[in-house]
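Only one structure is covered here, and it is reproduced in the block below.
The values are calculated or read from the model by the stated rules, or taken from the named source; none is laboratory data. The structure displayed is predicted, hence computed values, not measured ones. A quick note on method: Cβ atoms are made from the backbone with ideal geometry, for glycine too, and the neighbour counts reach across all protein chains shown. To get the accessible areas, we keep the full protein, side chains included, count just its heavy atoms, and leave off ligands, DNA and RNA. Shrake-Rupley method; radii C 1.70, N 1.55, O 1.52, S 1.80 Å.
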Amino acid sequence: MYEQLTTPAVIVDLDIVEANLAKMASKLAEQGIKHRPHMKTHKSVALAKMQLAAGAHGITVAKLSEAEVFAEAGLDNILVAFPLIGKEKLDRFARLHQSIEIITVVDSMEGAKGLSEVGIATGKPVQVLIEVDGGLHRGGRQPGDELVSFACELQELTGIRIAGILSYFGQIYREKGREALQSVVKKESELIQRITDELEEVGISLPIISAGSTPTSLLCEDLRGVTEVRAGNYIFNDVTAVKLGLVEEKDCALRVIATIVSVPMPGRASIDAGSKTLTSDRAPDHEGYGIVVGHPSVQIMALNEEHGMLQFDPASVSFSVGDRIEIIPNHACVIPNLNDSLTTVRGQQVVDTIRVDARGCNY
(Lines give C-alpha, C1' and ligand atoms only; values in the text may rest on other atoms or scores of the structure.)
Protein backbone atom coordinates (compact mmCIF):
# COMPACT_ATOMS: atom_id res chain seq x y z
CA MET A 1 0.00 0.00 0.00
CA TYR A 2 1.79 3.11 -1.30
CA GLU A 3 5.10 1.38 -0.55
CA GLN A 4 7.10 4.35 -1.91
CA LEU A 5 5.77 6.60 0.88
CA THR A 6 7.46 6.96 4.24
CA THR A 7 4.90 6.48 6.99
CA PRO A 8 3.03 7.98 8.60
CA ALA A 9 1.91 9.61 5.35
CA VAL A 10 -1.10 11.83 4.73
CA ILE A 11 -2.71 11.27 1.35
CA VAL A 12 -5.45 13.18 -0.44
CA ASP A 13 -7.40 11.36 -3.16
CA LEU A 14 -8.01 13.94 -5.90
CA ASP A 15 -10.80 11.92 -7.50
CA ILE A 16 -12.74 12.07 -4.23
CA VAL A 17 -11.92 15.76 -3.73
CA GLU A 18 -13.26 16.60 -7.19
CA ALA A 19 -16.44 14.61 -6.54
CA ASN A 20 -16.96 16.38 -3.21
CA LEU A 21 -16.47 19.79 -4.82
CA ALA A 22 -18.90 19.00 -7.62
CA LYS A 23 -21.53 17.66 -5.22
CA MET A 24 -21.43 20.76 -3.02
CA ALA A 25 -21.42 23.14 -5.99
CA SER A 26 -24.43 21.42 -7.52
CA LYS A 27 -26.48 21.38 -4.31
CA LEU A 28 -25.83 25.05 -3.55
CA ALA A 29 -26.50 26.13 -7.14
CA GLU A 30 -29.89 24.43 -7.02
CA GLN A 31 -30.78 26.57 -3.98
CA GLY A 32 -29.24 29.79 -5.33
CA ILE A 33 -26.73 29.98 -2.46
CA LYS A 34 -23.14 31.18 -2.93
CA HIS A 35 -20.18 29.38 -1.41
CA ARG A 36 -17.27 30.94 0.45
CA PRO A 37 -15.39 27.82 1.63
CA HIS A 38 -13.33 27.81 4.80
CA MET A 39 -9.58 27.51 4.30
CA LYS A 40 -8.81 26.27 7.83
CA THR A 41 -9.64 22.75 6.64
CA HIS A 42 -6.69 22.48 4.26
CA LYS A 43 -4.67 25.75 4.40
CA SER A 44 -3.55 25.09 0.80
CA VAL A 45 -3.49 27.57 -2.08
CA ALA A 46 -3.73 24.72 -4.60
CA LEU A 47 -6.90 23.34 -3.02
CA ALA A 48 -8.36 26.83 -2.67
CA LYS A 49 -7.92 27.36 -6.40
CA MET A 50 -9.71 24.07 -7.06
CA GLN A 51 -12.63 25.28 -4.94
CA LEU A 52 -12.78 28.60 -6.79
CA ALA A 53 -12.67 26.78 -10.13
CA ALA A 54 -15.60 24.66 -8.92
CA GLY A 55 -17.71 27.79 -8.37
CA ALA A 56 -16.82 29.30 -5.00
CA HIS A 57 -17.15 33.10 -5.07
CA GLY A 58 -14.57 33.86 -2.38
CA ILE A 59 -12.83 32.26 0.59
CA THR A 60 -13.13 32.28 4.38
CA VAL A 61 -10.17 32.20 6.76
CA ALA A 62 -10.04 31.82 10.51
CA LYS A 63 -7.06 34.02 11.19
CA LEU A 64 -5.45 37.10 9.70
CA SER A 65 -2.19 35.26 8.99
CA GLU A 66 -4.09 32.87 6.72
CA ALA A 67 -5.54 35.84 4.85
CA GLU A 68 -2.01 37.19 4.35
CA VAL A 69 -0.84 33.89 2.83
CA PHE A 70 -3.77 33.58 0.43
CA ALA A 71 -3.63 37.25 -0.55
CA GLU A 72 0.09 36.91 -1.31
CA ALA A 73 -0.84 34.01 -3.62
CA GLY A 74 -3.21 36.30 -5.54
CA LEU A 75 -6.55 35.33 -4.02
CA ASP A 76 -9.15 38.02 -3.39
CA ASN A 77 -12.60 38.40 -1.81
CA ILE A 78 -11.51 37.09 1.59
CA LEU A 79 -13.62 36.92 4.74
CA VAL A 80 -11.70 36.89 8.03
CA ALA A 81 -14.26 35.14 10.24
CA PHE A 82 -12.63 36.04 13.53
CA PRO A 83 -12.61 39.23 15.65
CA LEU A 84 -9.59 41.47 15.03
CA ILE A 85 -8.57 42.95 18.35
CA GLY A 86 -5.46 45.04 19.07
CA LYS A 87 -3.28 47.50 17.17
CA GLU A 88 -0.92 44.91 15.68
CA LYS A 89 -3.74 43.01 13.99
CA LEU A 90 -5.49 46.19 12.88
CA ASP A 91 -2.28 47.44 11.26
CA ARG A 92 -1.90 44.15 9.37
CA PHE A 93 -5.55 44.20 8.38
CA ALA A 94 -5.18 47.77 7.10
CA ARG A 95 -2.44 46.68 4.70
CA LEU A 96 -4.65 43.96 3.25
CA HIS A 97 -7.68 46.27 3.23
CA GLN A 98 -5.86 48.70 0.96
CA SER A 99 -4.84 46.09 -1.60
CA ILE A 100 -7.61 43.47 -1.86
CA GLU A 101 -11.32 42.96 -1.28
CA ILE A 102 -11.54 41.81 2.33
CA ILE A 103 -14.27 41.80 4.95
CA THR A 104 -14.33 40.72 8.58
CA VAL A 105 -16.63 40.15 11.54
CA VAL A 106 -17.44 42.24 14.58
CA ASP A 107 -19.29 41.52 17.82
CA SER A 108 -18.01 44.24 20.15
CA MET A 109 -17.77 48.01 20.16
CA GLU A 110 -14.08 47.69 21.00
CA GLY A 111 -13.49 45.73 17.83
CA ALA A 112 -15.80 47.93 15.78
CA LYS A 113 -14.07 51.14 16.85
CA GLY A 114 -10.68 49.72 15.88
CA LEU A 115 -11.94 48.74 12.44
CA SER A 116 -13.61 52.13 12.03
CA GLU A 117 -10.27 53.82 12.68
CA VAL A 118 -8.77 51.68 9.91
CA GLY A 119 -11.51 52.78 7.55
CA ILE A 120 -11.01 56.45 8.40
CA ALA A 121 -7.21 56.28 8.14
CA THR A 122 -7.26 54.51 4.76
CA GLY A 123 -10.15 56.49 3.33
CA LYS A 124 -11.85 53.18 2.52
CA PRO A 125 -14.69 52.05 4.84
CA VAL A 126 -14.26 48.56 6.25
CA GLN A 127 -17.02 46.12 5.33
CA VAL A 128 -18.13 44.12 8.39
CA LEU A 129 -20.47 41.26 9.14
CA ILE A 130 -22.14 41.34 12.54
CA GLU A 131 -21.53 38.00 14.20
CA VAL A 132 -24.64 36.43 15.71
CA ASP A 133 -24.39 33.89 18.55
CA GLY A 134 -25.88 30.75 17.03
CA GLY A 135 -25.99 28.92 20.36
CA LEU A 136 -22.40 27.87 21.09
CA HIS A 137 -21.81 31.05 23.12
CA ARG A 138 -18.22 31.31 21.93
CA GLY A 139 -18.86 34.72 20.38
CA GLY A 140 -21.42 36.89 18.63
CA ARG A 141 -24.28 39.14 19.71
CA GLN A 142 -27.46 37.73 21.18
CA PRO A 143 -30.42 37.68 18.75
CA GLY A 144 -33.19 40.14 19.52
CA ASP A 145 -33.04 43.65 20.96
CA GLU A 146 -29.35 43.39 21.87
CA LEU A 147 -28.38 42.65 18.29
CA VAL A 148 -30.58 45.40 16.87
CA SER A 149 -29.21 47.93 19.37
CA PHE A 150 -25.63 46.92 18.53
CA ALA A 151 -26.27 47.26 14.80
CA CYS A 152 -27.70 50.73 15.30
CA GLU A 153 -24.60 51.74 17.29
CA LEU A 154 -22.38 50.49 14.49
CA GLN A 155 -24.11 52.80 12.04
CA GLU A 156 -22.76 55.75 14.00
CA LEU A 157 -19.16 54.74 13.24
CA THR A 158 -18.04 56.47 10.06
CA GLY A 159 -15.21 54.11 9.15
CA ILE A 160 -17.22 50.91 8.79
CA ARG A 161 -20.16 49.69 6.73
CA ILE A 162 -22.50 46.89 7.76
CA ALA A 163 -22.33 44.35 4.92
CA GLY A 164 -24.48 41.72 6.60
CA ILE A 165 -24.56 39.12 9.36
CA LEU A 166 -22.66 35.91 10.04
CA SER A 167 -23.81 32.93 12.10
CA TYR A 168 -22.41 29.54 13.05
CA PHE A 169 -24.67 26.86 14.52
CA GLY A 170 -21.92 24.47 15.58
CA GLN A 171 -24.24 22.57 17.89
CA ILE A 172 -25.44 20.71 14.80
CA TYR A 173 -22.46 18.39 15.35
CA ARG A 174 -24.10 17.19 18.58
CA GLU A 175 -27.13 15.79 16.77
CA LYS A 176 -27.78 12.24 15.61
CA GLY A 177 -29.55 11.26 12.42
CA ARG A 178 -30.58 13.16 9.33
CA GLU A 179 -33.94 14.22 10.74
CA ALA A 180 -32.30 15.83 13.78
CA LEU A 181 -29.75 17.57 11.56
CA GLN A 182 -32.51 18.91 9.31
CA SER A 183 -34.34 20.23 12.37
CA VAL A 184 -31.28 22.28 13.38
CA VAL A 185 -30.95 23.69 9.86
CA LYS A 186 -34.61 24.72 9.87
CA LYS A 187 -34.20 26.41 13.27
CA GLU A 188 -31.14 28.23 11.94
CA SER A 189 -33.19 29.42 8.97
CA GLU A 190 -36.02 30.63 11.21
CA LEU A 191 -33.64 32.59 13.45
CA ILE A 192 -31.83 34.14 10.50
CA GLN A 193 -35.12 35.24 8.98
CA ARG A 194 -36.25 36.78 12.26
CA ILE A 195 -32.98 38.67 12.62
CA THR A 196 -33.18 39.88 9.03
CA ASP A 197 -36.73 41.15 9.54
CA GLU A 198 -35.82 42.94 12.79
CA LEU A 199 -32.83 44.70 11.26
CA GLU A 200 -34.74 45.69 8.14
CA GLU A 201 -37.42 47.24 10.36
CA VAL A 202 -34.81 49.73 11.63
CA GLY A 203 -33.52 50.43 8.14
CA ILE A 204 -30.50 48.11 8.06
CA SER A 205 -30.25 46.04 4.89
CA LEU A 206 -28.12 42.90 4.74
CA PRO A 207 -26.51 42.18 1.36
CA ILE A 208 -24.63 39.24 2.88
CA ILE A 209 -26.26 36.66 5.14
CA SER A 210 -23.54 34.11 5.85
CA ALA A 211 -24.19 30.72 7.45
CA GLY A 212 -21.67 28.05 8.29
CA SER A 213 -20.75 24.37 8.61
CA THR A 214 -20.57 21.44 6.23
CA PRO A 215 -23.74 19.79 7.65
CA THR A 216 -25.75 22.98 7.10
CA SER A 217 -24.44 23.28 3.55
CA LEU A 218 -25.05 19.65 2.61
CA LEU A 219 -28.63 20.04 3.89
CA CYS A 220 -29.12 23.35 2.09
CA GLU A 221 -32.49 22.29 0.69
CA ASP A 222 -33.77 23.07 4.20
CA LEU A 223 -31.77 26.29 4.51
CA ARG A 224 -33.65 29.52 3.87
CA GLY A 225 -32.80 33.21 3.92
CA VAL A 226 -29.03 32.98 3.49
CA THR A 227 -26.91 34.30 0.64
CA GLU A 228 -23.77 32.24 1.27
CA VAL A 229 -22.36 29.34 3.28
CA ARG A 230 -18.84 28.68 4.58
CA ALA A 231 -18.46 24.88 4.45
CA GLY A 232 -14.89 23.67 4.87
CA ASN A 233 -14.72 20.03 5.92
CA TYR A 234 -16.74 18.84 2.89
CA ILE A 235 -13.65 18.88 0.66
CA PHE A 236 -12.16 15.98 2.66
CA ASN A 237 -14.88 14.61 4.99
CA ASP A 238 -13.93 12.43 7.96
CA VAL A 239 -15.23 10.07 10.64
CA THR A 240 -17.40 12.85 12.09
CA ALA A 241 -19.16 13.37 8.76
CA VAL A 242 -19.61 9.61 8.35
CA LYS A 243 -21.08 9.17 11.83
CA LEU A 244 -23.44 12.10 11.31
CA GLY A 245 -24.82 10.23 8.30
CA LEU A 246 -23.80 12.93 5.83
CA VAL A 247 -21.35 10.87 3.78
CA GLU A 248 -19.92 7.38 3.39
CA GLU A 249 -16.36 6.17 3.83
CA LYS A 250 -15.86 6.34 0.06
CA ASP A 251 -16.42 10.13 0.25
CA CYS A 252 -13.46 10.67 2.60
CA ALA A 253 -10.56 12.07 0.59
CA LEU A 254 -7.94 12.60 3.31
CA ARG A 255 -6.42 9.48 4.83
CA VAL A 256 -3.37 8.47 6.82
CA ILE A 257 -1.16 5.55 5.82
CA ALA A 258 0.48 3.98 8.85
CA THR A 259 2.75 1.00 9.50
CA ILE A 260 2.36 -1.69 12.14
CA VAL A 261 5.54 -1.36 14.20
CA SER A 262 4.81 -3.72 17.08
CA VAL A 263 2.48 -6.60 18.00
CA PRO A 264 3.13 -6.88 21.75
CA MET A 265 0.38 -9.44 22.45
CA PRO A 266 -2.60 -11.11 20.73
CA GLY A 267 -5.28 -8.55 19.90
CA ARG A 268 -2.98 -5.57 20.27
CA ALA A 269 -0.73 -3.74 17.82
CA SER A 270 0.95 -0.37 17.57
CA ILE A 271 1.28 1.90 14.54
CA ASP A 272 3.66 4.77 13.79
CA ALA A 273 0.87 7.38 13.81
CA GLY A 274 -0.03 9.01 17.10
CA SER A 275 -1.62 12.27 18.21
CA LYS A 276 0.92 14.28 16.19
CA THR A 277 -0.45 12.64 13.04
CA LEU A 278 -4.07 11.64 13.67
CA THR A 279 -5.22 14.30 16.23
CA SER A 280 -6.75 13.44 19.59
CA ASP A 281 -10.15 14.87 18.58
CA ARG A 282 -13.06 12.50 19.09
CA ALA A 283 -16.00 11.84 16.77
CA PRO A 284 -19.68 11.41 17.69
CA ASP A 285 -20.85 7.84 18.27
CA HIS A 286 -17.41 6.46 17.56
CA GLU A 287 -14.98 4.70 19.86
CA GLY A 288 -11.37 5.43 19.09
CA TYR A 289 -9.38 7.77 16.91
CA GLY A 290 -10.27 6.92 13.34
CA ILE A 291 -11.66 4.27 11.03
CA VAL A 292 -9.26 1.58 9.82
CA VAL A 293 -10.32 1.11 6.20
CA GLY A 294 -11.28 -2.49 5.43
CA HIS A 295 -11.18 -3.46 9.11
CA PRO A 296 -14.38 -2.15 10.72
CA SER A 297 -13.88 -4.17 13.91
CA VAL A 298 -10.39 -2.78 14.60
CA GLN A 299 -10.36 0.07 17.09
CA ILE A 300 -7.64 2.70 17.43
CA MET A 301 -8.10 2.67 21.18
CA ALA A 302 -5.41 5.14 22.30
CA LEU A 303 -2.85 7.62 21.04
CA ASN A 304 0.48 8.69 22.43
CA GLU A 305 2.41 11.39 20.62
CA GLU A 306 4.06 8.98 18.16
CA HIS A 307 2.16 5.72 18.71
CA GLY A 308 -1.35 4.63 17.88
CA MET A 309 -2.58 1.54 19.72
CA LEU A 310 -4.91 -0.89 17.99
CA GLN A 311 -7.27 -3.35 19.66
CA PHE A 312 -8.93 -6.21 17.80
CA ASP A 313 -10.15 -9.80 18.05
CA PRO A 314 -7.12 -11.98 17.22
CA ALA A 315 -9.45 -14.80 16.18
CA SER A 316 -10.71 -12.79 13.21
CA VAL A 317 -8.00 -10.18 12.56
CA SER A 318 -4.27 -10.64 12.22
CA PHE A 319 -1.54 -8.04 11.82
CA SER A 320 2.20 -8.51 11.36
CA VAL A 321 5.00 -6.04 11.91
CA GLY A 322 5.51 -4.16 8.65
CA ASP A 323 1.87 -4.31 7.52
CA ARG A 324 0.36 -1.02 6.38
CA ILE A 325 -3.12 0.26 7.16
CA GLU A 326 -5.20 3.14 5.84
CA ILE A 327 -7.00 5.36 8.36
CA ILE A 328 -9.78 7.91 8.01
CA PRO A 329 -9.19 10.42 10.83
CA ASN A 330 -11.88 11.62 13.21
CA HIS A 331 -11.38 15.27 12.25
CA ALA A 332 -9.73 15.98 8.91
CA CYS A 333 -9.42 19.74 9.48
CA VAL A 334 -6.66 19.26 12.05
CA ILE A 335 -4.42 17.06 9.91
CA PRO A 336 -3.05 19.49 7.27
CA ASN A 337 -1.85 21.88 9.96
CA LEU A 338 0.35 19.03 11.24
CA ASN A 339 2.11 18.64 7.87
CA ASP A 340 4.22 20.72 5.52
CA SER A 341 2.71 18.97 2.51
CA LEU A 342 0.10 16.39 1.53
CA THR A 343 0.60 13.57 -0.96
CA THR A 344 -2.01 13.52 -3.73
CA VAL A 345 -3.18 10.24 -5.25
CA ARG A 346 -5.61 8.97 -7.84
CA GLY A 347 -6.74 5.42 -7.26
CA GLN A 348 -3.69 3.67 -5.87
CA GLN A 349 -1.20 5.83 -7.77
CA VAL A 350 0.79 8.66 -6.20
CA VAL A 351 0.41 11.82 -8.28
CA ASP A 352 2.21 14.69 -6.57
CA THR A 353 2.44 16.70 -3.38
CA ILE A 354 0.70 19.95 -2.46
CA ARG A 355 1.99 22.50 0.01
CA VAL A 356 0.13 23.36 3.18
CA ASP A 357 0.93 27.02 2.55
CA ALA A 358 -0.71 28.42 5.67
CA ARG A 359 0.51 25.74 8.06
CA GLY A 360 0.95 27.26 11.53
CA CYS A 361 -0.80 30.47 10.49
CA ASN A 362 -3.03 30.53 13.55
CA TYR A 363 -2.38 34.12 14.65
tail above 25 Å in the computed P(r) of the chain, as % of all Cα-Cα pairs, reads 56 percent
What FRET efficiency comes out for Arg174 versus Lys23 if R0 is 22 angstrom and r is the Cβ-Cβ distance? Round to the nearest 0.05. 0.35
Once you list every other residue whose beta carbon is under 14 Å from the beta carbon of Val128, what net charge do they have if Lys and Arg are +1 and Asp and Glu are -1? -3
Using bins 5 angstrom wide from zero, how does P(r) for the range 213-363 break down, in % of all Cα pairs? 2, 9, 17, 20, 18, 16, 9, 5, 3, 1, 1, 0
What's the ranking of 35-41, 199-205, 101-107 by average number of surrounding C-beta atoms within 10 Å, highest first? 35-41, 101-107, 199-205
Starting from the 7 Å offset along Cα-to-Cβ, what nm value, one decimal, do you get for the label separation of Asp340 and Val321? 3.0 nm
Quick one: pull the percent of accessible area on the chain belonging to carbon and sulfur, 1.4 Å probe, ligands and nucleic acids left out. 48 percent
Rg from C-alpha atoms of the range 37-170, normalised by the globular rule of thumb 2.2 N^0.38 Å, equals 1.04
Compute the relative contact order of the chain as a whole-number percentage, counting only Cα pairs closer than 8 Å that sit 6 or more residues apart in sequence. 21 percent
On average over all directions, what projected area in square nanometres does the range 163-239 have, based on the convex hull of its Cα atoms? 5.1 nm²
Solvent-accessible area per residue for the chain at a 1.4 Å probe radius, Å²? 42 Å²
Please list, in order along the range 47-53, the HN-Hα scalar couplings obtained from phi with the Karplus expression 6.51 cos²θ - 1.76 cosθ + 1.60 (θ = phi - 60°), rounded to whole Hz, x for Gly and Pro. 6, 4, 5, 5, 5, 5, 5
Please work out the ratio of the alpha-carbon Rg of the range 280-363 to 2.2 N^0.38 Å and round it to two decimals. 1.27
Cα axis of helix 14-31 to longest principal axis of the chain: angle in degrees, 0 to 90, nearest 10? 30 degrees
What's the extension gain from Ser297 to Ile120 if we count 0.36 nm per residue and subtract their Cα-Cα distance? 57.6 nm
Debye log10 I(q)/I(0) at q = 0.14, 0.16, 0.17 Å⁻¹ for the range 1-108, Cα point scatterers: -0.65, -0.79, -0.86
What is the distance in Å between the Cα centroid of the range 69-137 and that of the range 147-208? 18 Å
